[in-house]
Amino acid sequence: MKREGASASNPLPHRGREGAGSRSIPPEIHLIGRTTDEARDLLEKYLDDAFLAGLAQVRIIHGKGTGALRRAVEELLVSHPLVTSHRAGEGHEGGAGATVAMLGQS
């Protein structure tokens, strides 16, 4: 799984909950090339880790392709207790190949 940070010109918000011993969690996850089952498992863990690290927003890169990964991501985000909202990525965020999720406690 390849994870990359946001560019310096387009940083994602950070909530500031990261403790002194916490490991750094990147603001995005790349799911391209994964099966829908693999993607769901990886995304579930990533969302939990991102929330605990204090990230307020994350970007999920699923690609365009057939839309299967996008649909799997959407299904998980709708029911995930730490996701307050989500939207399709804007052009500079990956457009239809990405989804941006806002994290918080419901």
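Quick note: the coordinates plus some simple rules give every number you see, no bench work behind them. Everything numeric in this text was worked out from a predicted model, so none of it was measured. Methodologically, a virtual Cβ is constructed for each residue, glycine included, from the backbone with ideal geometry; neighbour enumeration extends over all protein chains shown.
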Residue-wise HN-Hα coupling along region 83-88, computed from phi with Karplus coefficients 6.51, -1.76, 1.60 (Hz; x: Gly, Pro): 9, 7, 6, 8, 8, 5
Neighbours of GLU75 by Cβ distance under 13 Å: Lys/Arg at +1, Asp/Glu at -1, summed charge 0
Estimated distance in nm for a label pair at MET102 and VAL78, the labels positioned 7 Å out from Cα along Cα-to-Cβ: 2.0
Starting at the first residue of region 42-49, write each ³J(HN,Hα) from the Karplus equation 6.51 cos²θ - 1.76 cosθ + 1.60 with θ = phi - 60°, in whole Hz, x for Gly and Pro. 5, 5, 4, 5, 4, 4, 4, 5
What do you get for Rg/Rh of region 41-81 when both radii come from the Cα atoms and Rh is the Kirkwood radius? 0.98
